[in-house]
1. For B:Ala65, indicate whether it is farther than 23 Å from A:Gln37 by Cα and surrounded by 19 or more Cβ atoms within 10 Å (Cβ to Cβ).
2. Could you identify the single residue in A:Gly98, A:Gly82 that is touching a residue at least 40 places away in the same chain (Cβ under 8 Å), surrounded by fewer than 14 Cβ atoms within 10 Å (Cβ to Cβ) and not hydrophobic (A, V, I, L, M, F, W, C)?
3. I'd like to verify a number: residues in region B:8-28 that are assigned to a loop (DSSP other than H, G, I, E, B), closer than 14 Å to B:Gln71 by Cα and not hydroxyl-bearing (Ser, Thr, Tyr), how many?
4. Yes or no: region B:4-13 includes at least one residue that is over 22 Å from A:Cys91 (Cα atoms) and either of a type in the set (Asp, Glu) or without any contact (Cβ under 8 Å) to a residue 60 or more places away in the chain (or both).
5. Taking region B:39-62 on its own, how many of its residues are open to solvent by 50 Å² or more (accessible area, probe 1.4 Å), closer than 21 Å to A:Ala99 by Cβ and touching an Asp or Glu at 6+ places or on another chain (Cβ under 7 Å)?
6. Would you please name the residue that is farthest from the chain's Cα centre (by Cα), looking only at residues in region B:7-34 that are within 11 Å of another protein chain (Cβ to nearest Cβ) and surrounded by 20 or more Cβ atoms within 10 Å (Cβ to Cβ)?
7. Restricting attention to region A:17-34, which residues are more than 27 Å from A:Thr115 (Cα to Cα) and among the β-branched types (Val, Ile, Thr)?
8. Considering only residues that are within 11 Å of another protein chain (Cβ to nearest Cβ) and hydroxyl-bearing (Ser, Thr, Tyr), look in region A:23-37 and name the one that is surrounded by the most Cβ atoms within 10 Å (Cβ to Cβ).
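The values are calculated or read from the model by the stated rules, or taken from the named source; none is laboratory data. Keep in mind it's a predicted model, so treat the numbers as computed, not measured. Cβ placement follows ideal geometry from the backbone for every residue including glycine, while neighbour counts extend to all protein chains displayed. With ligands, DNA and RNA removed, areas are computed over all heavy atoms of the protein, side chains included. Shrake-Rupley method; radii C 1.70, N 1.55, O 1.52, S 1.80 Å.
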Amino acid sequence: DAMVIQNPRYQVTQFGKPVTLSCSQTLNHNVMYWYQQKSSQAPKLLFHYYDKDFNNEADTPDNFQSRRPNTSFCFLDIRSPGLGDAAMYLCATSRAPGAGGYEQYFGPGTRLTVT
Amino acid sequence: AQSVTQPDIHITVSEGASLELRCNYSYGATPYLFWYVQSPGQGLQLLLKYFSGDTLVQGIKGFEAEFKRSQSSFNLRKPSVHWSDAAEYFCAVATLTGGGNKLTFGTGTQLKVEL
């Protein structure tokens, strides 16, 4: 089945120690998104890639970066995690809106704990 | 700016009873609306979507939603709730941005099902 895969499902990192979360997709979608979801809150978009074009949300902290080396993979890098960055990180994909791609397909998420 | 309001933070229903979850949106143009469901520790699963056309849309797991432009609402309904429906439900509106689309979510409604 075509899907969005996130690894690892659970990640523990130390305060200030860089961490990378991974997302891959077999849907061949043009667009990949990263959302942050804190406990009991709605997901919040951090940034997205349309093909190789990176689009950052205005209020996303500089501490968060992303890479998309190819169509299938996208990474979320947190350069110096703080306690406030503990959250569920959700990856999603969609086709380009011009191709009717408004719905997004989500992976299972990575739960990040910062100690 | 677009926004989504889910007035009910928690709802408890008995198994077999009907369900309606409320969603109101604020968006200047024709909205692209979604309902997603999230089980604990999991990603988001798309239940249904509205883009245009018939204002009553059918989704998976027996859910339906009705788009009412005059009331700026997109309420989710199910005639008979099953215990497995206990989860968090998010209403969302999509807006085009940077070659992709941004989902703005409501704060979610936590559904509890009593046996």
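1. On the way: farther than 23 Å from A:Gln37 by Cα: yes; surrounded by 19 or more Cβ atoms within 10 Å (Cβ to Cβ): yes.
When the stated conditions are applied, B:Ala65 passes them.
2. A:Gly82
3. Applying the first criterion (assigned to a loop (DSSP other than H, G, I, E, B)) to region B:8-28 yields B:8-9, B:15-18, B:22-23, B:27-28.
With the extra rule that they be closer than 14 Å to B:Gln71 by Cα, the set shrinks to B:22-23, B:27-28.
Next, from what is left, pick out any that are not hydroxyl-bearing (Ser, Thr, Tyr): B:22-23, B:28.
Residues meeting the conditions: 3.
4. Step one: filter region B:4-13 for residues over 22 Å from A:Cys91 (Cα atoms), giving B:5-13.
Narrowing the set further to residues that are either of a type in the set (Asp, Glu) or without any contact (Cβ under 8 Å) to a residue 60 or more places away in the chain (or both) leaves B:7-8.
There is at least one residue in region B:4-13 that is over 22 Å from A:Cys91 (Cα atoms) and either of a type in the set (Asp, Glu) or without any contact (Cβ under 8 Å) to a residue 60 or more places away in the chain (or both).
5. 1
6. Here the answer is B:Pro31.
7. So the first thing to find is which residues in region A:17-34 are more than 27 Å from A:Thr115 (Cα to Cα), and the list is A:25-32.
Matches in region A:17-34: A:Thr26, A:Val31.
8. A:Tyr33
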